[in-house]
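Single-structure report; data block below.
The values are calculated or read from the model by the stated rules, or taken from the named source; none is laboratory data. Small disclaimer: the values here were computed from a predicted structure and weren't measured. Here the Cβ is made from the backbone with ideal geometry for all residues, glycine too, and neighbour counts use every protein chain on show. Surface areas here come from the heavy atoms of the whole protein model, side chains and all, with no ligands, DNA or RNA. Shrake-Rupley method; radii C 1.70, N 1.55, O 1.52, S 1.80 Å.
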Amino acid sequence: MAEVQKDAPIKSVQVEALVVMKIVKHCSTSFPTVATGSIVGMDNNGAIEVTNSFQFPSVDVSSSDSHSDASSLAAAAPRAKANIVYQNEMIRHLKEVNVDANNVGWYTSATMGNFINMSFIENQYHYQKENEKTVALVHDVSRSSQGALSLRAFKLSPEFMTAYKEAKFTTESLRNSKLTYKDIFVELPVNVHNSHLLTSFLHQIPAPPKSAEIPMPASLDDIRRDPVQIPAHPGFESLDLSIDPFLEKTCDLLLDSIESHYTDLNNHQYYQRQLTREQFKITQWQAKRKAENAARLAAKQSPLPEDEWQRLFKLPQEPSRLEGMLNARQVDQYARQVDAFTANITAKMFAVRGNLLPE
Amino acid sequence: MAVDQESFVHLSRPLAPNVLGFGVSNAPLTVNIQPQAVFSIIDHAVRRDDRDTQSTRVIGALVGVRSEDGSEVEVRSTFAIPHTENEDQVEVDVEYQKNMLALTLKANPRETLLGWYTTSHELNSFSALIQNFFASPETGTFPHPAVHLTIGTEAGATIDTKTYISAPVAVSPERAAESCLFIEVPHKLLFTDAERGALGSVAAAADAESRSAPVVSDIENLAQALETVSDLLERVSGFVGEVLDEERDGNHALGQYLMNALSLAPKVSNLAIENDFNNHIQDVLMVSYLANTIRTQIELSQRLATAKLDEGKEGGEKKDGEGAEGDKKTDGQRGQRGQGGKRGGRSGGAGGRGGREQREPREPREAAE
């Protein structure tokens with residue numbers, strides 16, 4: 001049985017309501033600084049059940065050196081040495097009160113989906129190399145403020161893990177492994193789960209009216225003083241019409257990403273030119289040596305070795321393709337986000353028009 | 001947003017004479033509880049170990065922030081404390097509480113220990129003992145009162161919460177440690193806008209039979225919200241219809257309210273609306289179109305970046321690439337121009353970028369030839 005479970009690939013992530021609330025709280029209080037924390041739970045036949053979470057110690061920015069800001073420190077927190085100790089200590093304590101004491105990954109906050117970067121990869125690699133069944137939960141604070149919770153789960157694909165382990169991201173290795181930017185992450189579906197006790201608690205807030213027949217209000221003030229308790233689900237925030245700022249922000253981020261894509265391309269072009277130049281030099285040198293040798297042969301002298309060029313010339317190192325791949329993935333993500341936003345806006349706009357211009 | 005009681009009688013707690021010097025206030029105290037704290041307690045109650053202890057309740061500590069004058073406390077998080085309890089004695093793992101508190105405070109240096117919770121409404125002498133432990137100067141919240149939160153988790157009963165503070169009172173000095181006077185204080189469940197979305201999806205799970213619900217995308221969420229709104233409108237119009245048909249007595253206040261709501265519709269000419277609508281929808285669609293173009297370009301760029309210098313099978317592959325690229329190039333140029341027009345400042349950069357992007361894939365081909 002244990003063997004079967006061990007080999008079952010992760011198919012979905014089930015998050016307890018408690019964890020959802022804790023993550024949302026932590027991320028929104030530390031916004032716009034990145035918030036990170038650890039999640040614990042267990043693996044149940046291919047579904048990771050996340051049952052509790054705790055945040056990593058916050059770093060006091062003023063006390064540390066001024067070069068690194070709070071965000072980058074928090075982003076690096078999951079793989080920091082001090083935090084590994086903290087995490088183990090915390091899990092040991094949680095175990096005593098019957099909380100599932102297995103680390104199943106970590107969580108981070110994001111703004112408009114901007115979480116795809118080297119730090120994210122390093123963190124997830126740090127966890128995943130120890131334990132295959134770990135995930136990264138990403139909570140998007142900005143998108144959640146529109147009303148719908150945005151919580152996504154990612155893990156690195158096995159192919160990417162191998163490539164990252166060998167740190168091989170040259171054009172050749174990528175071509176051989178057929179690894180593209182689309183294969184870096186595997187996204188897993190997220191389910192929110194409640195315990196029985198919590199379900200009954202939730203059915204009490206907001207409390208249902210005591211009797212079926214509600215007394216009629218006597219005046220306008222009565223209505224204002226005692227506004228209707230709107231149930232939390234479905235939230236009406238998503239009906240807000242001012243979605244354009246979000247779209248604008250995403251477009252800005254998209255343009256930034258293109259900018260870095262361009263830089264990356266430039267780097268690669270530079271490398272390409274450098275390579276061509278060096279190769280040209282080598283060919284020249286080889287031709288010269290050949291001519292020399294022919295001359296020496298004619299003069300009955302022993303020929304000079306022809307492979308000395310390997311010592312004389314140094315081919316430039318090919319820049320890693322990883323940065324470019326991540327960037328491509330990020331652009332892809334932004335573009336999809338824009339797509340989702342526009343779908344929303346279009347629907348709302350038609351609704352507004354239909355309302356204002358009755359046929 | 002808060003779920004609270006409407007009115008509350010504040011009883012001032014009697015103070016022991018020896019604490020007066022510390023400026024302990026007996027001002028009204030309000031407790032704000034964040035939902036994650038309650039969720040955490042409920043989770044703890046579900047996970048209790050009922051094998052080696054006879055008690056059905058569990059205890060834990062409340063952590064959070066206190067307002068400057070101490071009249072308002074906000075419970076932000078909790079942690080469980082192992083304890084055993086039987087007829088004549090109670091044991092609390094003090095060492096565990098100390099370590100866990102230190103760990104929790106390390107993550108949130110601004111928070112402090114506020115008090116403790118338990119999962120039954122019963123107040124007995126053990127409660128008093130633990131309460132005195134949490135209120136004591138060495139290990140507790142002194143000079144502020146320790147907050148005691150009880151939450152009923154018995155099956156069949158409603159899950160309600162009560163908060164207390166205490167005052168020392170005893171019939172004789174030797175019984176002082178195990179007795180105190182609990183005074184109920186008002187509390188409310190407080191949640192911020194950021195948590196509403198989360199609570200929404202949690203509530204969606206609560207309505208489902210399986211007690212779990214997937215995290216839905218924005219568009220699905222919108223659809224659900226629209227459906228609910230249309231249901232609600234249906235109900236209102238049903239009510240109005242009944243009043244008109246004289247099946248039901250009208251209500252002036254409701255009528256006024258509805259009239260006010262209806263008068264909020266802006267008075268704009270149809271032509272202007274049509275015009276604005278078309279303008280905006282075109283912008284939106286353009287952005288969407290551009291985003292998709294960029295995505296395709298990036299995809300292409302990545303493919304070409306790895307599919308080069310391969311002499312053998314290059315011919316066939318390159319033909320494909322070239323064809324696709326040709327199509328995209330026109331798209332790209334059109335796209336970049338559109339973008340330039342819309343975002344004036346960016347036009348130069350975007351144009352240049354577009355040009356370079358197309359040049360890049362061409363280069364390796366020159367090198368290969």
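The H on the amide N of residue B:81, modeled in the peptide plane, is under 5 Å from the matching H of B:59, B:60, B:61, each at least 5 residues off or on a different chain. Label sites at residue A:178 and residue A:122, each approximated as a point 7 angstrom past Cα along Cα to Cβ, lie 3.2 nm apart. Here is how the number arises for chain A: DSSP H runs of 4 or more residues each give -39500 (n - 2.57), the sum is divided by the residue count, and the result at 222 nm is -16500 deg cm²/dmol. Over the C-alpha trace of region B:155-273, radius of gyration and Dmax come out as 25.7, 86 angstrom. Listed peptides A:13-24, A:344-355, B:122-133 appear in the order A:13-24, B:122-133, A:344-355 once ranked by packing, highest mean of other Cβ atoms within 10 Å at the front. Along its three principal directions, the equivalent ellipsoid of region A:286-359 from the Cα gyration tensor extends over semi-axes of 73, 13, 5 Å, largest first. Once the chain from residue B:105 to residue B:88 is taken as fully extended at 0.36 nm per residue, the excess over their C-alpha distance is 2.8 nm. Amide H contacts for residue A:195 (H built 1.01 Å from N in the peptide plane; partners 5 or more residues away or on another chain; cut-off under 5 Å): A:17.
Using the eigenvalues of the Cα gyration tensor, what equivalent ellipsoid semi-axes result for chain A when each is taken as the square root of five times the eigenvalue, whole Å, largest first?
Values: eigenvalues 601, 154, 68 Å².
Result for chain A: semi-axes of 55, 28, 18 Å.
With a Förster radius of 51 Å, plug the Cβ-Cβ distance of residue B:248 and residue B:68 into 1/(1 + (r/R0)^6) and report the FRET value to the nearest 0.05. Calculated value: 0.45. Remark on region B:28-191: ratio of C-alpha radius of gyration to 2.2 N^0.38 Å is 0.98. Once R0 is set to 51 Å, what does the formula 1/(1 + (r/R0)^6) return for the Cβ-Cβ distance between residue B:276 and residue A:274, expressed as a FRET efficiency to the nearest 0.05? That gives a FRET efficiency of 0.40. Beyond 22 Å between alpha-carbons counts as too far, so tell me which of A:129/A:155; A:288/A:314; A:11/A:249; A:11/A:81 fall in that bin. Among A:129/A:155; A:288/A:314; A:11/A:249; A:11/A:81, the Cα-Cα distance tops 22 Å for A:11/A:249; A:11/A:81.
Please identify the helices of chain A, taking whole runs of DSSP H, that span at least 27 Å along their own axis as judged from the Cα atoms and have a mean Kyte-Doolittle score of -0.5 or higher. The qualifying helices are A:322-356.
For residue B:87, the accessible surface of its heavy atoms amounts to roughly 150 Å² (probe 1.4 Å, protein chains only, rounded to the nearest 10). Note on residue B:256 and residue A:282: their simple-model spin labels are 8.9 nm apart, each label 7 Å out from Cα toward Cβ. Each residue of region B:93-100 was assigned a 3J(HN,Hα) from its phi angle through the Karplus expression (A = 6.51, B = -1.76, C = 1.60, θ = phi - 60°), giving 6, 5, 4, 4, 4, 5, 5, 5 Hz with x at Gly and Pro. Volume per residue of the convex hull around the Cα atoms, evaluated for region A:69-164, comes out as 126 Å³. Cβ-Cβ distance of residue A:242 and residue A:313, R₀ of 60 Å, FRET efficiency by 1/(1 + (r/R0)^6): the value works out to about 0.50.
Roughly how large, in nm² to one decimal, is the mean projection of the convex hull of the alpha-carbon atoms in region A:238-354?
10.1
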